[in-house]
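I am attaching a structure below and will ask some questions about it afterwards.
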Amino acid sequence: MATAGWRASYPFVRIPAPQGAREQGFEFILTPIVKIEIANLEQRERFFAVVDSGADYSYLPSEAAQLLGLDAASLTGSTVENRGIGATVESRFATLGVSLLGEHEEPETTLEIPFLVPVHPDPESRVVLLGRHPFFRLFDVRFRMGYTDDPTLGKWSLERVVKRRDSRRYWKPAAFPRPANGRP
């Protein structure tokens, strides 16, 4: 896969593990976080975002949407049931300009990303997520953990993808069969 010259490497951010995980011996979670600037028309705000390989789509919580002057109820398009761990949130897509900020707070690369925005305020969710679609198609995202004897160390990196391999060389994934009750 050919890539452009732009790439960046970041340390993981150590976040204390929840109590149940600490009881199992996990003291912290190494989390890939990047500082970004999101633009909606003339409004710009900076946020820390989790690069979440487990999230299908990027997510902008209610509080962040308000700062950017976004009202999900007035967005056009179908409502999407955004299912996360423990909750389902009605959301709509809004495509916004995103700049990844470098070490000196300057935009290093800028792109358009569709974010799911909750239709109704969701006070439980406060984290901006950069999910797989399309972020992981635009960047080669690599996580490196456990490469030293110190479990507190690790890093992750991004490299902008500009050319893709011929898709005819790859197997297409089969559709995941759904049981009659709709649950996996």
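May I ask for the net charge around SER99, where only other residues with Cβ less than 12 Å from the Cβ of SER99 are counted and Lys, Arg are +1 while Asp, Glu are -1? Could the numbers behind the result be given before it?
Values: positive: LYS35, ARG44, ARG46; negative: GLU37, GLU45, GLU105, GLU106, GLU108, GLU112.
Taking every Cβ under 12 Å from that of SER99, the sum is -3.
Using Cβ counts within 10 Å as a stand-in for footprinting exposure, how do ARG126, ARG142 rank, fewest first?
ARG126, ARG142
Sticking with this structure for a sec: If you place +1 on the Cβ of every Lys and Arg, -1 on the Cβ of every Asp and Glu, and leave all else neutral, what size is the dipole of the chain about its Cα centre, to the nearest 20 Debye?
On the way: 23 positive and 23 negative charges, 221 e Å.
I would put it at about 1060 debye.
Further question: Which percent, to the nearest 5, of DSSP beta bridges fully inside the chain are antiparallel?
Numbers: 46 of 52 bridges.
Within the chain, antiparallel bridges account for around 90 percent of the total.
Equivalent-ellipsoid semi-axes (√(5λ), Cα gyration tensor) for region 5-79, whole Å, largest first? Mind showing how you got there, number by number?
Numbers: eigenvalues 177, 65, 29 Å².
So the equivalent ellipsoid measures 30, 18, 12 Å along its semi-axes.
Sum -39500 (n - 2.57) across every DSSP H segment of at least 4 residues in the chain, then divide by the residue count to get the 222 nm mean residue ellipticity, nearest 500. Before the final figure, lay out the partial values.
Values: 3 runs with 18 residues, N = 184.
Value at 222 nm, helices only: -2000 deg cm²/dmol.
Mean projection of the alpha-carbon convex hull of the chain over all orientations, in nm²? Write down the numbers at each step before the final one.
Numbers: hull surface 56.8 nm².
Averaged projected hull area, Cα only: 14.2 nm².
Values in this text are rule-based calculations from the coordinates and carry no lab data. Small disclaimer: the values here were computed from a predicted structure and weren't measured. When we count neighbours, we look across all protein chains shown, and the Cβ atoms used for this are built from the backbone with ideal geometry, even at glycine.
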